[in-house]
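Asks: The structure under discussion is supplied below as structure tokens; questions concerning it will follow.
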Amino acid sequence: MAKIDAWLRGGIEATKAGEKDKARRLLEQVIEADQTKEMAWLWLSAVVDTSEERIRCLEMALKLNPANQDAKMALEWLRSGVVSEPSPQVEPERVFCGRCGAVNTVEDNFCRHCGHPFRSREESLSEEERAKVRRLGKKWLDDIRSITGRMEEGE
């Protein structure tokens, strides 16, 4: 019994600390050992992944204690359809440092491992490539001017 209570306290603390995976693991251990732990079901509803799982946890808490107002309100809120599933977070594109090979994100200006500065795309071009980009830019600008000039003449 002391072990179950320790798991429950640990699960609640992990939930409050935002350690979702740890909390879920501990609270599921509590429920495996004793399915009548209302508080475990209630706290587990806060760390499961889907609305269906949350509803199931809250229904179990209410089955154990029909007077639990927190569970009633949360269940009503979930069933109202106001709650939507969180959108998955997009992982930023990873790049490797040319000096040490460490993984960084495209937003980094310096390597997180060795501090090596990353060059901008323009700085990494050779002089010949930069001249080509300037020529293409000039051609594009001339084309835009000739098109807009013709549009003005036709109007």
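Asks: Sort through Glu76, Glu38 and tell me the only one that's over 17 Å from Lys20 (Cα atoms), surrounded by 14 or more Cβ atoms within 10 Å (Cβ to Cβ) and modelled with pLDDT under 95.
Replies: On the way: Glu76 fails: surrounded by 14 or more Cβ atoms within 10 Å (Cβ to Cβ).
Within the list Glu76, Glu38, the selection yields Glu38.
Asks: Please work out which one of (1) loosely packed, with under 11 Cβ neighbours inside 10 Å; (2) at pLDDT below 75 is the condition Gly115 fails and give its number.
Replies: (2)
Asks: Are there any pairs with C-beta distances below 9 angstrom linking a residue in region 48-70 that is without any contact (Cβ under 8 Å) to a residue 12 or more places away in the chain to a residue that is of a type in the set (A, V, I, L, M) and surrounded by 15 or more Cβ atoms within 10 Å (Cβ to Cβ), with the two at least 6 apart or on different chains, and if so which?
Replies: Once the first residue is without any contact (Cβ under 8 Å) to a residue 12 or more places away in the chain and sits in region 48-70, its partners that are of a type in the set (A, V, I, L, M) and surrounded by 15 or more Cβ atoms within 10 Å (Cβ to Cβ) give Glu53/Leu44; Arg56/Val48.
The values are calculated or read from the model by the stated rules, or taken from the named source; none is laboratory data. All values reported here derive from a predicted model rather than from experimental measurement. With ideal geometry, Cβ positions are generated from the backbone for all residues, glycine too; neighbour counts draw on all protein chains shown.
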